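Chemist: I'd like to ask some things about the structure below.
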Amino acid sequence: MDVSGLLNAAKAAEDAKRRAVTVDREQPHDVDAGNLMVVDTVPLLPSELTAARRGEYIRALARDGVQVLFNAIWELPTTRADEVVLASLPNPTYAIPREKPVPKPKQLTKWEQFALKKGIKKNSKRDTRVFDDTKQEFVRRHGYEHRKNQDDKDWIIELPDQADPFVDYFAKRNELKKGRVAKNEMQQARNIAKANPVKQGLAAPSTSNDAKKQLLKEQLKRTKTSTASLGRFDKSIGKEPKIKTPGKKRQYDSAVMQAGTEKQRSLTILSRITGKESLLNENKAIRQAKPKIMALEQGGKIHKRRK
Amino acid sequence: MRPLTEDETKIFFEKLANYIGGNIQLLIDRPDGMYCFRLHRDRVYYVSEEIMRKATSVARDNLMSLGTCFGKFTKSGKFRLQVTALEFLAPYAKFKVWVKPNAEQSYLYGNHVLKSGLGRITEDTPRYQGVVVYSMNDIPLGFGVAAYSTQDCRKLDPTGYHCFPPSRCRRVSS
């Protein structure tokens, strides 16, 4: 074999290898490496979708798609970590719809509603800490340690004009504060209750007359059957229709079952029953043991082990 | 017609086990085809799968019987064996009692088998064990319950009962 022959053979082998990893298509695949996704936008050929050829056709299409995806991945920048090649994926181009429904917007509190209506905005630039001149340090504006600071500060209360000097104004201030806290808690509870409406026991009361009637009927049925005798001995009024309480329907296996299942079931039940029986026939055991014992007693010698 | 529920199967098998013990398995697992138990109007039938499938096309009201009746469930949920089951249970019976020819008819008319009528008995039959009653020429006659164990019946006087026939479990000779 001459040199050109060898070269041709090598080239042919190379070509075959490349053919195995390349996909030639007029319309290229839509590759989204970020989602590890390939979209084939070419419509399926109806002529290829016959029952005989369908499988092979679809398999070939799928193979092409996967090959294109892998080619795309291998073109990405790769890193090596612990003998594992890692490709860093780009950002996804397709926006995949979320699995779960969009969360419902949070119910606004009454104050938030009011503020929105009036255009009052929260001053986000206001610091949570303020400088206390007397203490010469930063203290919280609200919340933790705020109250104590306030106490330190207002250690003296000026008597209001013509007020009773024998009233404890510090206690009164505390009372007022308690009242404000209680009011705030009540408002919080109201806001929570408004955000989470309680579902009615039977059905949400509907405005339509038919629905109301149905609801009333259902309630009546429940109350009538809620006695110890399920309403059997209660007095009925006039032409009241008799209330039927449907019992539980019995359910049996169908007459024809899958082959073998019935046999298996019977055998398991049987094994549970016969498993309890002891294998030993006591009478037989006694009968077989008796002659030996008799012989032993008549012989008169029962060997005892010497100590 | 329907298969037995698990509870029913348990009650039924416990009754059968009285007579044939673990040999029930040979009734369920047969080499010559699929056989099953079916409940129809409180009666338990032992029937081949093939016939049972054909019987499904008959309306429940019109279906009188299928296969072999093994007995019936009482209203209180107990199972009572019927003499038609004898053909299937006799070959597998663990304990047998043979009655003498002159006691045969008495037994078939519903009387107890007395010690004097007792021809043979399986060794080591415990007391109150379910037995199959045979005539001396090995024809199964019916079911019974051993009143005494084999050992005790040797000491019995000739007029003592040996075997109680459960009611309706006698084959009527024609």
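The values are calculated or read from the model by the stated rules, or taken from the named source; none is laboratory data. The structure displayed is predicted, hence computed values, not measured ones. When we count neighbours, we look across all protein chains shown, and the Cβ atoms used for this are built from the backbone with ideal geometry, even at glycine. For accessibility, only protein heavy atoms count, side chains too; no ligands or nucleic acids. Shrake-Rupley method; radii C 1.70, N 1.55, O 1.52, S 1.80 Å.
Chemist: Scan segment B:22-45 for residues that are more than 18 Å from A:Gly260 (Cβ to Cβ) and either in contact with a Cys (Cβ under 7 Å, 6 or more places away or on another chain) or more than 7 Å from chain A (Cβ to nearest Cβ) (or both) and jot them down.
Modeler: Passing the criteria: B:Asn23, B:Leu39, B:His40, B:Arg41, B:Asp42, B:Arg43, B:Val44, B:Tyr45.
Chemist: If you take the residues in segment A:1-55 that are touching a Ser or Thr at 6+ places or on another chain (Cβ under 7 Å), open to solvent by less than 80 Å² (accessible area, probe 1.4 Å) and not in a helix (DSSP H, G or I), which one is farthest from A:Leu89 (Cα to Cα)?
Modeler: A:Asp30
Chemist: Hey, another quick one. Is segment A:268-278 home to any residue that is part of a helix (DSSP H, G or I), under 30 Å from B:Cys153 (Cβ atoms) and either in contact with a Ser or Thr (Cβ under 8 Å, 6 or more places away or on another chain) or at pLDDT 80 or above (or both)?
Modeler: yes
Chemist: Ok, one more. Kindly indicate the residue of segment B:40-73 that is under 13 Å from B:Arg2 (Cα atoms) and basic (Lys, Arg) and also least open to solvent (accessible area, probe 1.4 Å) among those meeting that condition.
Modeler: That would be B:Arg43.
Chemist: Modelled with pLDDT of 80 or more, within 37 Å of the chain's Cα centre (by Cα) and either loosely packed, with under 12 Cβ neighbours inside 10 Å or farther than 19 Å from B:Glu8 by Cβ (or both) - does that describe any residue in segment A:231-247?
Modeler: no
Chemist: Using beta carbons and a limit of 6 Å, which pairs, at least six apart or on different chains, have the first residue in segment A:42-59 and within 16 Å of A:His29 (Cα to Cα) and the second one surrounded by fewer than 11 Cβ atoms within 10 Å (Cβ to Cβ)?
Modeler: A:Val42/A:Gln27
Chemist: When you go through A:Lys110, A:Lys118, A:Lys125, A:Lys100 one by one, which is the residue that is open to solvent by 80 Å² or more (accessible area, probe 1.4 Å) and modelled with pLDDT under 90?
Modeler: The unique qualifying residue is A:Lys125.
Chemist: As an exercise: evaluate B:Lys72 against (1) assigned to a loop (DSSP other than H, G, I, E, B); (2) of a type in the set (Lys, Arg); (3) within 15 Å of the chain's Cα centre (by Cα) and give the number of the one condition it does not meet.
Modeler: (1)
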